[in-house]
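**Q** Following this message is one structure expressed as structure tokens.
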Amino acid sequence: MLELSILGFLAEQPLHGYELKERIKALSGHVRPVSDGALYPAITRLVTAGKLDQHTEDGTSAAPRRVLSLTETGRADLLERLRHPKQTEITDHVRFNTVLAFLRHLPDRREQADVLRRRLDFLRTPASFFYRDGEPVRAEETQDLFRQGMLRVARATGAAEREWLTEAIDRLDQAS
């Protein structure tokens, strides 16, 4: 997810490390904060792999800054990651939002729709936070006020997402 975010933001414009960190933080929020101990080694791996270029620019009032930009190899990697997201990037809401944030970079509308279909298929599978005898527990089946709240909010959120996904897939299919 971190490397996808790095590649995605740099596909939009060159950035220095602090700007990149702030954008990733804004995308993933407090749910999954990015630390320097994770970000800078990931940047180093991508530079070493030839996916990012870096050069130094003078800072406005501080030390020189390392500016990062995406290479053609990096762009190809980004597109491949968007074409074929890992299953956890489909099933985990925060990770899927990261895919969504950059899916516009994938030029083929059919491929975009295929990614959305994978998420929609996942969301159509009955699931719950809680199970009884191997079956998902619905909000109406629990007396626990707090679990009931979790289940009701999840159901509403899931319904809204399924509706949007269906609309987006239809628009992409019509455009291709």
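**Q** Can you tell me which of (1) free of Cβ contacts under 8 Å to residues at least 24 places away in the same chain; (2) open to solvent by 80 Å² or more (accessible area, probe 1.4 Å); (3) out of contact with any strand residue (DSSP E or B) (no Cβ under 8 Å at 6 or more places or on another chain); (4) of a type outside the set (D, E, K, R) is the one PHE129 doesn't meet?
**A** (1)
**Q** For the stretch 67-88, how many residues meet the condition of being in contact with a helix residue (DSSP H, G or I) (Cβ under 7 Å, 6 or more places away or on another chain), surrounded by fewer than 16 Cβ atoms within 10 Å (Cβ to Cβ) and not in a helix (DSSP H, G or I)?
**A** Within the stretch 67-88, residues that are in contact with a helix residue (DSSP H, G or I) (Cβ under 7 Å, 6 or more places away or on another chain), surrounded by fewer than 16 Cβ atoms within 10 Å (Cβ to Cβ) and not in a helix (DSSP H, G or I) number 1.
**Q** Hey, can you tell me all the residues within the stretch 4-17 that are part of a helix (DSSP H, G or I) and modelled with pLDDT under 95? Please lay out each step first, then the result.
**A** Filtering the stretch 4-17 down to residues part of a helix (DSSP H, G or I) leaves 4-12, 17.
Scanning the stretch 4-17 gives a single hit, GLY17.
So that you can scan it fast, the table gives a plain yes or no per residue for (1) open to solvent by less than 40 Å² (accessible area, probe 1.4 Å); (2) at pLDDT 95 or above; (3) hydroxyl-bearing (Ser, Thr, Tyr); (4) in contact with a Lys or Arg (Cβ under 6 Å, 6 or more places away or on another chain):
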{"position": "ILE90", "(1), (2), (3), (4)": "yes, yes, no, yes"}
{"position": "ALA101", "(1), (2), (3), (4)": "yes, yes, no, no"}
{"position": "ARG104", "(1), (2), (3), (4)": "no, yes, no, no"}
{"position": "GLN112", "(1), (2), (3), (4)": "yes, yes, no, no"}
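**Q** Out of the residues in the stretch 113-160 that are in a helix (DSSP H, G or I) and of a type in the set (Gly, Ala, Ser), which is nearest to LYS86 (Cα to Cα)? I'd like the intermediate steps shown before the answer.
**A** Here is the first cut: in the stretch 113-160, the ones in a helix (DSSP H, G or I) are 113-124, 139-141, 145-160.
Checking which are of a type in the set (Gly, Ala, Ser) leaves us with 113, 139, 149, 154, 156, 158-160.
Values: ALA113: 16, ALA139: 30, GLY149: 30, ALA154: 23, ALA156: 26, GLY158: 20, ALA159: 23, ALA160: 23 Å.
It comes out as ALA113.
**Q** Evaluate the following for LEU172: is it modelled with pLDDT under 95 and either within 24 Å of the chain's Cα centre (by Cα) or aliphatic (A, V, I, L, M) (or both)?
**A** Numbers: modelled with pLDDT under 95: no; either within 24 Å of the chain's Cα centre (by Cα) or aliphatic (A, V, I, L, M) (or both): yes.
Answer is no for this residue.
**Q** Still on this model: Somewhere in the stretch 29-45, is a residue open to solvent by less than 60 Å² (accessible area, probe 1.4 Å) and closer than 30 Å to ALA127 by Cα?
**A** yes
**Q** Could you tell me whether the stretch 134-145 includes any residue that is open to solvent by less than 90 Å² (accessible area, probe 1.4 Å) and within 27 Å of PRO33 (Cα to Cα)?
**A** No, the stretch 134-145 contains no residue that is open to solvent by less than 90 Å² (accessible area, probe 1.4 Å) and within 27 Å of PRO33 (Cα to Cα).
**Q** Could you look through the stretch 146-176, keep only residues that are without any contact (Cβ under 8 Å) to a residue 24 or more places away in the chain and among the hydrophobic types (A, V, I, L, M, F, W, C), and pick out the one that is surrounded by the fewest Cβ atoms within 10 Å (Cβ to Cβ)? Give the steps one after another, and end with the answer.
**A** Narrowing the stretch 146-176 to residues without any contact (Cβ under 8 Å) to a residue 24 or more places away in the chain: 146-153, 155-157, 159-160, 163-164, 167, 170-171, 174.
Remaining after also requiring among the hydrophobic types (A, V, I, L, M, F, W, C): 146, 150-151, 153, 156, 159-160, 164.
Numbers: PHE146: 8, MET150: 15, LEU151: 21, VAL153: 11, ALA156: 11, ALA159: 11, ALA160: 10, TRP164: 12.
Only one residue tops the list, namely PHE146.
**Q** Of all residues in the stretch 48-66, count the ones that are surrounded by 13 or more Cβ atoms within 10 Å (Cβ to Cβ), part of a strand (DSSP E or B) and in contact (Cβ under 8 Å) with a residue 24 or more places away in the chain. Write out each step before concluding.
**A** Taking the stretch 48-66 as the starting set, the residues that turn out to be surrounded by 13 or more Cβ atoms within 10 Å (Cβ to Cβ) are 49, 51-54, 65-66.
Next, from what is left, pick out any that are part of a strand (DSSP E or B): 52-54, 65-66.
Checking the rest, the ones that are also in contact (Cβ under 8 Å) with a residue 24 or more places away in the chain come to 52, 65-66.
Of the residues in that region, 3 qualify.
The values are calculated or read from the model by the stated rules, or taken from the named source; none is laboratory data. Please read these numbers as outputs of a predicted model, since none were measured by experiment. Every residue, glycine among them, receives a Cβ derived from its backbone with ideal geometry; neighbour counts consider all protein chains shown. The protein model used for the area step is the full one, side chains on, heavy atoms only, and it has no ligands, DNA or RNA in it. Shrake-Rupley method; radii C 1.70, N 1.55, O 1.52, S 1.80 Å.
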